[in-house]
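In what follows, a single structure is set out as structure tokens and then discussed.
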Amino acid sequence: MAQWTSAVGAAQLARQLNSQSRPSGPGVRKPPAYRALADGVRLLVLEGRVPVAARLPAERELAVALAVSRTTVAAAYEALRAEGFLESRRGAGSWTAVPAGNPLPARGLEPLPPESLGSVIDLGTAALPAPEPWLTRAVQGALEELPPYAHTHGDYPAGLPALRQMLADRYTARGIPTMPEQIMVTTGAMGAMDAICHLFAGRGERIAVESPSYANILQLMREAGARLVPVAMAEGLTGWDLPRWRQVLRDAAPRLAYVVADFHNPTGALADDDQRRALVEAARSAGTVLVADETMTELHLDDDYAMPRPVCSFDPAGSTVLTVGSASKAFWAGMRIGWVRAAPEVIRSLVAARAYADLGTPVLEQLAINWLMNTGGWEQAVSVRRTQARENRDALVAAVRRELPDWEFDVPDGGLTLWVRTGGLSGSRIAAVGERVGVRVPSGPRFGVDGAFEGYVRLPFTVGGPVAEEAAVRLAAAARLVESGAGSGSETPRTSVA
Ligand SMILES: Cc1ncc(COP(=O)(O)O)c(C=O)c1O
């Protein structure tokens, strides 16, 4: 980006810097003043609280506002320039930037095989076991429907016609008329996003993302070579800050924007109708393709919850809004069934884009999901799932409040995750020490663009009852070790979580 497109004043920046919570405690070394300032600004950019291409105040003004020396500010700006977070031109000032490439180690979440966990409580993966007997029944139903397909070559890059029709009908029933030509069945929501990134977001393209956002999709985008432009979530459970989104879409003109408007992962936030409409309008006027990930949509934890309108209802033709769906959270991640809804011509291009990756999604699993949706088993299975997740959520919330009263979080109405502020302790160190005391938990930075959210962990509603209680006891033990300074070190690859 060659120039600045907005400005942040000295008083405003000082306020934002002063309100940052910083990891503290005996084990945390205090950095020099210039480094702390540079890190603070970097975090504001990475969390999207200061937009990319925003002009920063002159060194002298910021020094006055922060009551530090001008040399400290100059050294901080120099460090930010060296790291690619600041660009400057004589006479034009300095403005924020995101570095091309990947300056800091960033990782997604890699689930560990369940059998390798032993006695460790796994809070790494936000996915529940299959809601039996529905998995078994669906597979039996699918086996009965398999014989006619056995006479074909079995490759359906756009998905089985029967399932495309079924998914289209379900959108139509939600009030968005949809034809099967507007649906592509994929190998999970990840397969859908892979095809979308392949088609729209090649090397160097910008993608606007919520900050924080779902770790594996962020990693997929990084690996596609895209430049991530973070847009900070506002505090609380209705977290979309529309003036900020409008500004980013207008100023950075990203090719894609990716949002999880339904029970956002990791915060659990739910966008209201006005926010949805405004997001679609902002994307349309910026020429940005808006991807709405509906992976969590059916996981409102009360059966008769009044959900807002689907994001795609504000662009039913599907040329601005691409909707990604999945059976992973509502039913079972082991099915690896996902889909995309978009305009027919977009679907045709996506089908071509995905063909080189996996040619198609397994037929038997598609038949199983189709069987479930056809027989009403889907609704019953999802209802079982909601009860399970609700009970787990309530048990986890109670246990964490009891064992870790300093940890702060909002309790969402749906989704599968609590986004927890760890009382000023480093989330990465809690994750590392947690491993030693028998609980796997992903640290906040995995959900940030690069290094943001050090003061957070994500806790999924995957355990309940006494296991949730024991998980909280172990997390509290990890927190005490980190606080005492005994838990130095960082997460190792073995601790990677999903
Ligand atoms: C928001 C979101 N999108 C996508 C995925 C991945 O979904 P799938 O298992 O269908 O690939 C997840 C899984 O946690 C998710 O939370």
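Throughout, read-outs are computed from the coordinates displayed, never taken from laboratory work. The model shown is predicted, which means the values in this text are computed figures rather than measured ones. Backbone-built Cβ (ideal geometry, glycine too); neighbour counts: all protein chains shown.
A few points about this structure:
- R244 versus D272: modelled label distance in nm, points set 7 Å from Cα along the beta carbon direction: 1.8 nm
- Prolate/oblate/rounded call for the range 219-288, Cα gyration tensor, a/c under 1.5 rounded: oblate
- Cα-based values for the range 162-259, radius of gyration first and Dmax second, are 15.6, 43 Å.
- Take the Cβ atoms of E144 and A82, set R0 to 60 Å, and the FRET efficiency comes out at 0.40.
- Modelled FRET efficiency - R0 30 Å, R480 with A234, Cβ distances, 0.05 increments: 0.40
- Fewest-first sequence of T375, T417, T152 by Cβ atoms within 10 Å of each Cβ: T152, T375, T417
- Taking other C-beta atoms within 10 angstrom as a stand-in for reagent exposure, H300, H198 fall in the order H198, H300, fewest first.
- Dipole-positive endmost among F461, G287, V229 within the chain (Cβ charges, Cα centre): V229
- Percent of Cα-Cα distances greater than 18 Å, calculated over the range 10-96: 39 percent
- For the range 383-486, the spread of Cα positions along the three principal axes, ordered from largest to smallest, is 43, 31, 21 Å.
- Using a simple spin-label model with pseudo-atoms 7 Å out from Cα toward Cβ, A58 and R436 lie 5.1 nm apart.
- Computed lengthening from A173 to R35, 0.36 nm per intervening residue step minus Cα-Cα distance: 44.2 nm
- Cβ-based exposure ranking for E298, E223, E210, E59, in which fewest neighbours within 10 Å come first: E223, E59, E298, E210
- DSSP-loop trypsin sites (Lys or Arg not before Pro) across the range 178-240, with at most 11 other Cβ within 10 angstrom: R203
- Extension gain (nm, one decimal) between H153 and D406, 0.36 nm per residue minus Cα-Cα: 85.3 nm
- Reported value for the chain: 137 Å³ per residue, from the convex hull of its C-alpha atoms.
- Entry note, the range 10-96: relative contact order of 35 percent, from Cα contacts under 8 Å with a spacing of 6+ residues.
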